[in-house]
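The values are calculated or read from the model by the stated rules, or taken from the named source; none is laboratory data. Fair warning: this is a prediction, and the values are worked out from it, not measured in the lab. As a convention, Cβ positions derive from the backbone with ideal geometry for all residues, glycine included, and neighbour counts pool all protein chains shown. Only protein heavy atoms, including side chains, enter the accessible area calculation; ligands, DNA and RNA are left aside. Shrake-Rupley method; radii C 1.70, N 1.55, O 1.52, S 1.80 Å.
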Amino acid sequence: MTEATTGQQPVTRAVTDGVAVLTWNRPGRNNAWTVPMENEYFRLLEECGNDPSVRVIVVTGVGRSFCPGMDAGVLAENARNGTTTEPHLRTPFTLPRSIPKPIIAAINGACAGIGFVAAMNCDLRFASSTAKLTTSFAQRGIMAEHGLAWSLPRNIGVSKALDLLFSARVVMAPEAAELGIVDRVYEPDELMTQTLDYAANLARNSSPLAMGVIKRQVYAAQESSHEEARTLALRYWMGLLRHHPDFNEGITSFLEKRPPRFAAWDPSTPLEPPPLPR
């Protein structure tokens, strides 16, 4: 049965104190990936990106699995047809990097294939100590999908990325932390509490505008020079931030030794700077 026939939402959303939790919700299939699930996930990410009440996004899976990869039924269909599912109609998997808010993956269990790609496109990754991760693609006779050949080497280095891509070996969360795939590892019963505490701290104490700008800066800087990043910060981002109320509030709250009261995110804020003169 599909989500449409069961009436089950493949992804759920809950917002508390500025933190949105998006939960992949296919418990009968261990949250295996389908295109309807993908479409709903990306729709909710964009919805959260435009929602002033959301300051931080956490992504996880229901039950004890994060996402073990593409659903076996979809894989079987692809094998029969010799194609993947309508790739030209799908939203690029880099979409999360364009959402102007921190996105944290809470990897609570199996994380493989397309689920691994989705985790790598989050800004931070926290994992359960029992989580297992694998790229899986080489063992399915397919290339590194959805830009993983770009993102994985930038996180862990070329040779380590090639090891994981060539072998598709399973990596436990502690080794994943040593490699640099995940940022923090917690015991299973502490993962969501710790992740939500971290997210809530960002929502309370960090400027939504500053976080959105920093995210844009960091990803853009991966494709620019050090000097271009420095110049863009000085010529464009500084002007945008210094004339925003959050700048005064950040300084005032620090001097008054009180929690900051930063403005809600304004979806109309321009985060695409002009090209630097050559």
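Observations on the model:
- Options LEU202, LEU232, LEU162: the member that is aliphatic (A, V, I, L, M), in contact with a Pro (Cβ under 9 Å, 6 or more places away or on another chain) and modelled with pLDDT under 95: LEU232
- Helices (runs of 4 or more DSSP H) lying entirely in the range 34-132 (those with 2 or more residues that are at pLDDT 95 or above and open to solvent by 60 Å² or more (accessible area, probe 1.4 Å)): 35-50
- Applying the criterion of at least 2 residues that are within 30 Å of ALA112 (Cα to Cα) to the helices (runs of 4 or more DSSP H) found wholly in the range 172-278 leaves 173-179, 191-205, 208-221.
- Failed item, numbered, when PRO174 is tested on (1) loosely packed, with under 15 Cβ neighbours inside 10 Å; (2) over 24 Å from GLY109 (Cβ atoms): (2)
- Evaluation of ARG154 against (1) over 17 Å from THR60 (Cα atoms); (2) without any contact (Cβ under 8 Å) to a residue 40 or more places away in the chain; (3) part of a helix (DSSP H, G or I) (one fails), failing number: (2)
- Within the range 188-199, the presence of a residue that is outside the structural domain of ALA127 (by the TED database), farther than 25 Å from LEU95 by Cα and either touching a Pro at 6+ places or on another chain (Cβ under 9 Å) or open to solvent by 30 Å² or more (accessible area, probe 1.4 Å) (or both) is excluded.
- Scanning the range 236-263 for residues that are open to solvent by 80 Å² or more (accessible area, probe 1.4 Å), out of contact with any helix residue (DSSP H, G or I) (no Cβ under 8 Å at 6 or more places or on another chain) and either assigned by the TED database to the domain that holds VAL54 or not hydrophobic (A, V, I, L, M, F, W, C) (or both) gives ARG242, HIS243, PRO245, ASN248, GLU256, LYS257.
Yes/no per residue for (1) among the hydrophobic types (A, V, I, L, M, F, W, C); (2) closer than 30 Å to HIS244 by Cβ:
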site	(1), (2)
LYS160	no, no
LEU179	yes, no
LEU196	yes, yes
ASN205	no, yes
MET211	yes, yes
